[in-house]
Amino acid sequence: MNTSTSMSPVLDIQNLRINLPPWSDRPHAVNNVSLSVSMGEILCIVGESGSGKSMLGKALMGLLPKPHVHVSGGQVYFEGRDITNLDETEWRSLRGHRIAMIFQEPMTALSPLMRIGQQIEEVMLVHTDMTAQQRQARTMALLNDVHLPDPDRVFASYPHQLSGGQRQRVVIAMALALEPKLIIADEPTTALDVTTQAQILHLIKDLQKKHGTAVLFITHDFGVVAEIADRVAVMQGGELVEVGDASQILNAPATAYSRQLIDAVPSLTPRVVQARADLTPALLRVTSVSKTYAGKRSWFSRGTNGVLAVNNVSLSVPTQGSLAIVGESGSGKSTLARCIIGLEHNESGDVELENQTINGLSRSALRPIRQKIQMIFQDPFSSLNPRQKVGDIISLGPMIQGVDRDVAWEQARELLRRVGLRAEAADRYPHEFSGGQRQRIGIARALAVKPKLIVADEPVSALDVSVQKQVLELLDELREEMGLSLLFITHDLRVAATVCENILIMSKGKVVEQGTTQEVFARPAHPYTQSLLAAIPGQAWSRSVSKNA
């Protein structure tokens, strides 16, 4: 890692203050923050959701939602020039060219009306004199650099035709297009599986070394911090709590808040299966399920044969037990989950809940079953109705089941408290919350009807470590209180080890390995499983922390 910071910084933030609207819970998003990033240095900013780290990143790109949120004090010097008062024309000359940003939510950063190739080429069209052929060649090279499979297909695709992890890689390719002097990365690996995450971190480090790029890396993943950070800044409530070399912050933090964050990092020690006297039949049983997405058709061809997203998959989830499904982006794990809850129709195989076959049922026949099985979706932004208050969103399920509105709303407020939000959040709209807060709302909604089975598709990927720990502990408590079973889809093997007794590994639609989490972590039999475990970031640091604990 680069530890030299004596040279003139590319970015120098001095006493920055960002005001929030009068109705906010605090006056400042960022209060009196001073930081610097030098050429070839990676500064990681960590902190809980709402700490101001993402708002700081937006200020550095001139993307604050003015006039309600705006810089009210301090200076931001980029390459020696104060950029706090630039007009929109001046910002456009910097964005994408000298300063680039990798956004947290790729679906909102990409236009749904443009093909991927066009969107990547756009920054070159605005800032360079490249020919069409040169732009296309550069775009294809970028798609290869971020390890997207079948670059020709991705180039011609629309965002909705790609998986979440693939869309995030496209956003990273866009940011790297013109090799900027400063990259602001806002949770850039949150949606990525561990092998792709390792590739992207390696790619960012290579760019940093080759071109002297400065990187401001916003993350809640301390494994990533341990892997790439030269220095670390810890933020809480809009203020800077601690700044120091990565080794010092990770191994000997000076403040109680930093220690609290590190203590909340999921362990790599697998969860042990508890012996049960009453080994009841599985609550959920999936037998030989397959799902194919049809290929494109046109007037001039019969189309392709389609994509076999799920290929003859079988699994079971015991009562009050849990199963983690782990695999790379595009492995079929989310499609399998959607088949299980009836959002997709599998063409073969059976899904049984409490010995009742539920696949192929009509919408009306599925309605009473919805109370027994609920899903927490991966993308909290698109899964919450922007026109409804949070209380209405959470209380709708119980009200459909016959609960009085006032009672349902009171239960919604209590659930919000349990997932780490204030009860007053029930009276606000989804857009008023951060990404991590919206994910907590999605979890509260799933719990509202007191289901027997939760199908959780990356439910904590958008959460900071302390809230992640709270939510995982909450799910544990609910399993005990309600006899809840859990089917947990994740790309984070730390989370899988923490929350699930059993694990299933998927690759290209097939199951390649399954067993207890303890057995699979200790003795992975399949090369694919071995590669996933080897790619977990910050393993050496995790072992050191576990040893000291």
Scanning region 318-345 residue by residue, those assigned to a loop (DSSP other than H, G, I, E, B) and either more than 23 Å from LEU472 (Cα to Cα) or not assigned by TED's automatic domain parsing to the domain that holds GLU458 (or both) turn out to be GLY330, SER331, GLY332, GLY342, LEU343, GLU344, HIS345
Quick check: is even one residue across region 210-220 among the aromatic types (Phe, Trp, Tyr), crowded, with 21+ Cβ neighbours inside 10 Å and in contact (Cβ under 8 Å) with a residue 24 or more places away in the chain? yes
The condition of being assigned to a helix (DSSP H, G or I), touching a residue at least 24 places away in the same chain (Cβ under 8 Å), within 29 Å of THR269 (Cβ to Cβ) and not assigned by TED's automatic domain parsing to the domain that holds GLU352 holds, among ALA446, ALA412, ALA408, ALA426, only for ALA446
Could you count how many residues in region 246-261 are surrounded by fewer than 21 Cβ atoms within 10 Å (Cβ to Cβ) and in contact (Cβ under 8 Å) with a residue 40 or more places away in the chain? 2
Residue selected from region 504-545 under the condition at positive phi and in contact with a Ser or Thr (Cβ under 9 Å, 6 or more places away or on another chain), by the criterion surrounded by the fewest Cβ atoms within 10 Å (Cβ to Cβ): LYS508
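For VAL232, are the conditions met, namely being crowded, with 24+ Cβ neighbours inside 10 Å, closer than 25 Å to GLU48 by Cβ, of a type outside the set (Asp, Glu) and at pLDDT below 95? It would help to see each step written out before you state the result.
Numbers: crowded, with 24+ Cβ neighbours inside 10 Å: yes; closer than 25 Å to GLU48 by Cβ: yes; of a type outside the set (Asp, Glu): yes; at pLDDT below 95: no.
When the stated conditions are applied, VAL232 does not pass them.
Among the helices (runs of 4 or more DSSP H) lying completely within region 146-252, list those that include at least 2 residues that are outside the structural domain of PHE78 (by TED's automatic domain parsing), closer than 17 Å to SER329 by Cα and over 21 Å from the mean Cα position of the chain (by Cα). Working first, answer last.
Details: elements: 151-155, 164-176, 194-211, 222-228, 246-251.
Because the criterion is at least 2 residues that are outside the structural domain of PHE78 (by TED's automatic domain parsing), closer than 17 Å to SER329 by Cα and over 21 Å from the mean Cα position of the chain (by Cα), the helices (runs of 4 or more DSSP H) in region 146-252 that meet it are 151-155.
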Looking across region 346-365 at residues that are out of contact with any helix residue (DSSP H, G or I) (no Cβ under 9 Å at 6 or more places or on another chain) and part of a strand (DSSP E or B), the single one that is nearest to TYR293 (Cα to Cα) is SER348
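State which residue is surrounded by the fewest Cβ atoms within 10 Å (Cβ to Cβ) when the search covers only region 96-112 and only residues that are out of contact with any helix residue (DSSP H, G or I) (no Cβ under 8 Å at 6 or more places or on another chain) and at pLDDT 90 or above.
We begin by selecting, within region 96-112, every residue out of contact with any helix residue (DSSP H, G or I) (no Cβ under 8 Å at 6 or more places or on another chain); these are 98-99, 108.
This time we only want the ones that are at pLDDT 90 or above, so: 98-99.
On the way: ARG98: 16, ILE99: 24.
Checking each candidate, the answer is ARG98.
Residue-wise test of (1) modelled with pLDDT of 90 or more; (2) surrounded by fewer than 22 Cβ atoms within 10 Å (Cβ to Cβ); (3) farther than 30 Å from MET55 by Cα.
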residue	(1), (2), (3)
TRP409	yes, yes, yes
ALA412	yes, no, no
ARG428	yes, yes, no
ARG440	no, no, no
ALA444	yes, no, no
PRO451	yes, yes, yes
VAL460	no, no, no
ASP464	no, no, no
LYS469	no, yes, no
Which numbered condition GLN518 fails, given (1) under 19 Å from ALA198 (Cα atoms); (2) assigned to a helix (DSSP H, G or I): (1)
Does GLU473 count as outside the structural domain of TRP23 (by TED's automatic domain parsing), at pLDDT below 85 and of a type in the set (Asp, Glu)? yes
Elements of type helices (runs of 4 or more DSSP H) in region 45-122, at least 3 residues being over 24 Å from ARG440 (Cα atoms): 88-94
Any residue at all in region 343-354 that is in contact with a strand residue (DSSP E or B) (Cβ under 6 Å, 6 or more places away or on another chain) and on the phi > 0 side of the Ramachandran plot? yes
Being hydrophobic (A, V, I, L, M, F, W, C) and modelled with pLDDT of 95 or more narrows it down to one residue among LEU43, LEU64; which is it? LEU43
Return the pairs, sorted by first residue and then second, in which the second residue is β-branched (Val, Ile, Thr) and at pLDDT below 90, the first residue lies in region 82-106 and is over 13 Å from LEU178 (Cβ atoms), the beta carbons are less than 6 Å apart, and the residues are 6+ apart or on different chains. ILE102/ILE172
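I'm trying to understand the selection: among the residues of region 474-501, which are part of a helix (DSSP H, G or I), more than 10 Å from PRO266 (Cβ to Cβ) and within 19 Å of the chain's Cα centre (by Cα)? Let's see the steps before the verdict.
Here is the first cut: in region 474-501, the ones part of a helix (DSSP H, G or I) are 474-482, 493-499.
Add one more test, that the residue is more than 10 Å from PRO266 (Cβ to Cβ), and what stays is 474-482.
Within region 474-501, just LEU475 meets the criteria.
Kindly indicate whether PHE433 is closer than 27 Å to HIS220 by Cβ, modelled with pLDDT under 90 and either loosely packed, with under 13 Cβ neighbours inside 10 Å or touching a Pro at 6+ places or on another chain (Cβ under 8 Å) (or both).
no
The values are calculated or read from the model by the stated rules, or taken from the named source; none is laboratory data. These numbers were taken from a predicted model, which means no experiment stands behind them. Note that each Cβ is placed from the backbone with ideal geometry, even for glycine, and that neighbours are counted across all protein chains shown.
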